[in-house]
Amino acid sequence: MEYYTVIGDTYENTVRKAKEMYGDHVRIISRRDFTTRGGLFTRKEPRCEVVCYLPAGKGGKKSDRKDLKEFEAEARTPDPASLTPSERLDTESFREEEESEAVRKARSLLAENHITAPLLDKLLEDLPADKDPAAVLPDRIVRNTPIDYAKQVHPRHFVVFLGPTGSGKTTTLAKAASLYAKAGKRVAIITLDTFRTGAYEQIKAFGDALSIPVLKAGDESELLSATEQFSWKDVIFIDTMGVSPRDQELNLRLRSLLDILDRDRTDFMLTLSASMKEEDAMEQYGAYSQFAPLSLAVTKLDETETIGNVLSFSYKVSSPILFFTNGQKVPDDIRRASSEAILENLRSFGLDMKGYRSQIRK
């Protein structure tokens, strides 16, 4: 079986060109998008490359309607930016000879940190060929990671914590509540998780230890009563039950409860484990999309070596990171998101942020 490479300016035009050259029986097996280098008198241009083949015995003859339908189905190769890392390895190869040594090294560093498209593409954009990527990329990563510093200091009246069971949602809420209480905010906690055994007792124990009042609400009237009791507070943190994208009943119940809150005064914060795969994070984001999560709390940094997957997710959904947590201790193991916190959790860039911090604090 012979394989053919066809290059065009867009995917659609490249597929059309392949059909014109080899007939309607041609089969697409991979796709790669890239940009030409450009030069002194030429500009960079987008290109698409497909690798295709002809099934044995088909030749270049015209095919029937069934074959055309099969071809069209195979031709719908997804945009590489939408692929998971494992899918990308199976369907895409890069044109090494068209990339500088700096870009190749940059790709390796970003892959080691689990950074994926579209953030990966943004970081490689116009990468200087005469500079070490290890020196250039950290600054680019920081500048392309959204962090809402204003909200860290001035939270909305209601801060609703969303997230799957096991993501550290409740302990992160308690840590964040303590952080704001120490900053002088009048803080209270309401839990809606009346389903999980011991959920209220857990958050109540945190509240008692931190001198923060806690109420539980199992229905709309109880939530309304609780918000009225705490109306004089600066910030009311609301803990929720973990929901599954497939649990429609629980999703509807959570929606009916949270509809009571004034959306203009509410921030929905999604908690995600730093070790969670990006595709799983996207599934969770979809489960809570009805609330349009405005912020992210990244948990369990102590359980992973890099946070590139979370940075890629944050960039993709345009939701800023507010907090990082790195342990089970309440209220200690939490910090506000910052460039320093991001750089500390990148590897192979030759950075020693922890050592630098210890030096400037002497």
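The values are calculated or read from the model by the stated rules, or taken from the named source; none is laboratory data. Every value quoted in this text rests on a predicted model; they were computed, and no experiment measured them. All Cβ positions, even for glycine, are placed from backbone atoms using ideal geometry, and neighbour counts span all protein chains on display.
Does Val298 meet the test of being touching a Phe, Trp or Tyr at 6+ places or on another chain (Cβ under 7 Å) and either hydrophobic (A, V, I, L, M, F, W, C) or buried (at least 21 other Cβ atoms within 10 Å of the Cβ) (or both)?
Considered against the rule, which asks whether it is touching a Phe, Trp or Tyr at 6+ places or on another chain (Cβ under 7 Å) and either hydrophobic (A, V, I, L, M, F, W, C) or buried (at least 21 other Cβ atoms within 10 Å of the Cβ) (or both), Val298 comes out as yes.
Looking only at residues in the stretch 216-229 that are under 32 Å from the mean Cα position of the chain (by Cα) and among the aliphatic types (A, V, I, L, M), the one that is surrounded by the fewest Cβ atoms within 10 Å (Cβ to Cβ) is Ala217. Of the residues making up the stretch 285-300, those that are at pLDDT below 90 and within 20 Å of Asp148 (Cβ to Cβ) number 7. Taken over the stretch 293-314, the criterion of being among the β-branched types (Val, Ile, Thr) and either under 26 Å from Leu250 (Cα atoms) or part of a strand (DSSP E or B) (or both) is satisfied by Val298, Thr299. The C-beta contact set for the stretch 174-188 (first residue without any contact (Cβ under 8 Å) to a residue 40 or more places away in the chain and more than 12 Å from Ile203 (Cβ to Cβ), second residue surrounded by 18 or more Cβ atoms within 10 Å (Cβ to Cβ) and of a type outside the set (Phe, Trp, Tyr), distance under 7 angstrom, 6+ apart or interchain) comprises Ala181/Val187; Ala181/Leu210; Ala181/Ile212.
Just checking, does the stretch 99-113 include any residue being over 24 Å from the mean Cα position of the chain (by Cα) and modelled with pLDDT under 85? Yes: the stretch 99-113 contains one or more residues that are over 24 Å from the mean Cα position of the chain (by Cα) and modelled with pLDDT under 85.
What strands (runs of 3 or more DSSP E) lie completely within the stretch 178-292 and have 3 or more residues being within 21 Å of Leu322 (Cβ to Cβ) and assigned by TED's automatic domain parsing to the domain that holds His157?
So the answer is 187-191, 235-239, 266-273.
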